[in-house]
Structures are given as structure tokens and as C-alpha cells.
Amino acid sequence: MSNTIQRAEQLSYEEIAVIGAGAWGTALAAVARRAGCSVRLFSRDAATAEAIVNGRQNPRYLPGITLPEGLMATTSLEQALDGAEAVLIVTPSGTIRTVSRDVAQFAPEGAPLFACAKGIEAQTGLLMTGIIAEEAPNRVLGCVSGPTFATETAAQQPTAVTIACTSSSAGPVPPHKLAAARMAASLTTDSFRPYVSDDLIGVEIGGAVKNVIAIACGILDGAQFGENARAALITRGLNEIKELAVVLGGRRETVTGLSGIGDLMLTCSSTKSRNFSYGRQRGQGISEADVFDGKPVVVEGRENAITITDLARRYRLHMPICEMVRAIVEGQQPIGEAFAAFWAAPIEAEPRAMQISITHPAETAAQEKFEELLP
Ligand SMILES: NC(=O)C1=CN([C@@H]2O[C@H](COP(=O)(O)OP(=O)(O)OC[C@H]3O[C@@H](n4cnc5c(N)ncnc54)[C@H](O)[C@@H]3O)[C@@H](O)[C@H]2O)C=CC1
Ligand SMILES: O=C(CO)COP(=O)(O)O
């Protein structure tokens, strides 16, 4: 056993509750269990809970992966949270308000709550921890984010994440710093490596915006625009993440970390990503109704293209890639037209955000070119 893991064991939480037994909740629960914690995983589906406890499998979300021994699962939220020293909330971003309201009822006082979903709420424009702060006040809040496909993490392939925390109170050891360090220790194994940060906003913005950029990259891939274009979108997308993070009070350098460029690179270049796959299918000409053969799949960037651009507009910040994805998912513009408008933006200094101009002379030619390439 390495020194790092021995040190981590001393700081680690003993009892952790994980809320949400989908792909990522189950993978994180498995990591915490392998790191030596006692873990109770809440599943709203009885068959999933039963399969985890008795078969060490989650056949619906992580087929073929053997989970660690002793991982408990339950359909009772109260039981999952009973005695928990820390809680990981791992349901899709659109459910975080109701889930955290329920969690607040049963989570022991003082237990920090960590958001593991990626997104921004419609109407309020709040990040995940902002929502949790409203529903579960007076708690230390944190998030776990980074380049992490659940299947790889659950199969114990090397994975690194950022854990960020904040709290309003201070002390000799600020409680949020301690919580971040303790959660990092609780998730440290030979294959899982957390890094800590105190820039909650910067970390959460990276996770939310990268899903939208991944849709854009998927569309390009599906329409066979080539890899030069993808590299350009990733780079310009990183700029959009940075601009929004900074405007909201996050730090520029966080964007160059795991939760920023790390997650952006991963999600924008792999069909393991649901957001990238969704975009790819749309780029191949598959209609909104027929993507994923009509099956319900969590594609947060679709909704977040709207929530993020709404938020950016409030701050008079222009996010051209997110605006383009919004125009496509809302059906305001056909894909070729939306890309052409984006691509024909006036030339300006590279570090600045690009501006869309509907009068740019290159627009018509670019639009024709893109329409030619599209199916
Ligand atoms: N799958 C992945 O590789 C990763 C996912 N994430 C994030 O984790 C979050 C969850 O995603 P996944 O686990 O992949 O989704 P998933 O679709 O695999 O599972 C979602 C789970 O949440 C449960 N759920 C939905 N609504 C609920 C509610 N109201 N109460 C209790 N449980 C509820 C579902 O029953 C299901 O078990 C998302 O925000 C996603 O962005 C983050 C990193 C990696
Ligand atoms: O967040 C993820 C990887 O870090 C998972 O991405 P998708 O939701 O696109 O599958």
C-alpha cells in the first residue's frame, strides 16, 4: 500500500451515503468502498438495489462490472443517510433541487453535501451547489468533477478528479478545506486520484459548459467536418468556459485543470460521452425524436445550452458555441446554417470571444460549404 493511501485512510470519512445508483453514483460508491469506507447507496429502483447487494452488479447502468464486496444499497433514503458523515449526490442535474430537498430532511447535521452532477438550473441560473445551498442551508458544500467516464472508473481504470468545497464559516481549519481533504481521502485508491480546489464556481462551470461544447463537437464529427474543426471548437469552447467562470467569480487557472480542459477534452472526443454521441447523431442527420433510438438518455448539454446562454446573456457575455448549440437543439436553425453563422464570425484577436455577425460577407459562401458537407 502506498504512503499516499495510508495517509488518506487516516483522514477518510467512515460512513458515506451516495444518492443515485446510476452509472456515476454506482462508480463513485464503488471507489469509496474500495478506499475502505462504509458506503450506503440509495437507489430508487428495488431491482437495482437487490442486484448490487446480492449480485455485486448494476446490470442496467454498469453491465459486466463486478462491484466491491460490502457495498450496501437501499431504496430507503432515510436508511441510506442514517449516520452518514458525508453525502455524494449523484442524480442528473435536473433532479438536484428535489433530491437535495429530500436529502436535507435525513442527512445528519454537519454532514457535508457534495454535488456530482454537472449543470446549471433553468430559471435560477444556479450551479448545482447553489441549488443545494437553497434546499439544505447551513452546510458545507462541495462538488466532485473531472474527466470521468463511469464505466472506466468502475472498472478501476486510472481516473483523476477535482474536489472543490466552500462554506460561509471560518475557523482555525476552515470546514470546507477539511471537508475537501476528507472527501479526497475517502476516494483515494490505487486507481482513483482526487485533487482538491477551493474554486467551486470554476470547477462547476467547467463541468456544465463542457457538455454543450461536446454536443457541438459531436455534431461536427457526425457531419464529418474533420479533426481540425474539432480542435478549434475545443479551444474556443475552453475560452467560453473561462469567460463565464471568471464573470461568475471563478478563477481562470481552474479552467486549465481536470474539471475544465480535462473534462472538455474527454467529452469532446469520445462516443462514450452521451453529449458527444447525441451531437454526433444529430450531425449524421438523425432527428431529435430518433436519437438513441428514441430511448431516454441523460444528455444534460441539451438543456444546458439554454440555461448557460440565458445566464451568459444576463452578464452580456457572448458564448458563440453555446448559442449555436442552443439554436440547433431549439430547432431555430438547421445545423448547416447555425455552423455557417458561427464560422463566419468577424475576425478578431484570438483570446477574445468570437462574435456572430449576420452581415459578414463570408457567411453565404461558408453556409453553402457546410450545407454541402451535411447529410
Ligand atoms: N456517467 C458518467 O460517466 C458521469 C456522469 N456524471 C454526472 O452524474 C450525474 C448522474 O449521471 P449518471 O449516473 O451517468 O446518470 P444515469 O442515467 O446513469 O443514472 C441516473 C440515476 O439517477 C436516478 N435518479 C433520477 N432521478 C432521481 C430522483 N429524483 N431521485 C433519485 N434518483 C434519481 C436514476 O434512477 C438513475 O439511477 C449527471 O449529472 C452526470 O453529468 C459525472 C461524471 C461522469
Ligand atoms: O461527465 C462525463 C465525463 O466526465 C460524462 O459525460 P456524458 O454525460 O456526456 O456521458
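The values are calculated or read from the model by the stated rules, or taken from the named source; none is laboratory data. Quantities reported herein were computed from a predicted structural model and do not represent experimental measurements. Heads up, the Cβs are rebuilt from the backbone with ideal geometry, glycines too, and the neighbour counts pull from every protein chain shown.
List of remarks:
- The range 14-47, residues that are farther than 12 Å from A84 by Cα, among the aliphatic types (A, V, I, L, M) and either in contact with a Leu (Cβ under 7 Å, 6 or more places away or on another chain) or buried (at least 21 other Cβ atoms within 10 Å of the Cβ) (or both): A21, A23, A27, L28, A29, A30, V31, A32, A35
- Of the helices (runs of 4 or more DSSP H) lying entirely inside the range 215-308, those carrying at least 2 residues that are more than 18 Å from the chain's Cα centre (by Cα), exposed (fewer than 15 other Cβ atoms within 10 Å of the Cβ) and not assigned by TED's automatic domain parsing to the domain that holds S93 are 227-247.
- Test: residue in the range 203-224 that is away from ligand 2 (no atom under 16 Å from the Cβ) and touching a Lys or Arg at 6+ places or on another chain (Cβ under 7 Å): no
- Pairs with Cβ under 9 Å, 6+ apart, first in the range 144-167 and within 9 Å of ligand 2 (Cβ to nearest atom), second in a loop (DSSP other than H, G, I, E, B) and among the aromatic types (F, W, Y): A150/Y61
- Restricting the range 309-324 to residues that are among the basic types (K, R) and outside any loop (DSSP other than H, G, I, E, B), the residue that is surrounded by the fewest Cβ atoms within 10 Å (Cβ to Cβ): R314
- Test: residue in the range 30-37 that is within 14 Å of ligand 1 (Cβ to nearest atom) and either at pLDDT below 95 or under 15 Å from M183 (Cβ atoms) (or both): yes
- Tally of residues being assigned to a helix (DSSP H, G or I) and hydrophobic (A, V, I, L, M, F, W, C) across the range 138-165: 2
- Given (1) part of a helix (DSSP H, G or I); (2) within 15 Å of ligand 1 (Cβ to nearest atom); (3) in contact with a helix residue (DSSP H, G or I) (Cβ under 8 Å, 6 or more places away or on another chain), index of the condition A51 fails: (3)
- Long-range neighbours under 8 Å by Cβ, at least six apart or interchain, first residue outside the structural domain of S259 (by TED's automatic domain parsing) and farther than 19 Å from L258 by Cα within the range 173-197, second of a type outside the set (A, V, I, L, M, F, W, C) and part of a strand (DSSP E or B): H176/G142; H176/T166; A179/G142
- Pairing residues of the range 271-300 that are among the small types (G, A, S) with residues that are crowded, with 16+ Cβ neighbours inside 10 Å, at Cβ distances under 6 Å and at least 6 apart in sequence or on separate chains, gives S273/A214; S273/T267; G279/I215; G279/G218; G279/I219; G283/I219; G283/G222; G283/A223.
- The set of residues from the range 15-33 being more than 24 Å from K272 (Cα to Cα), in contact (Cβ under 8 Å) with a residue 60 or more places away in the chain and of a type outside the set (A, V, I, L, M, F, W, C) comprises just one member, E15.
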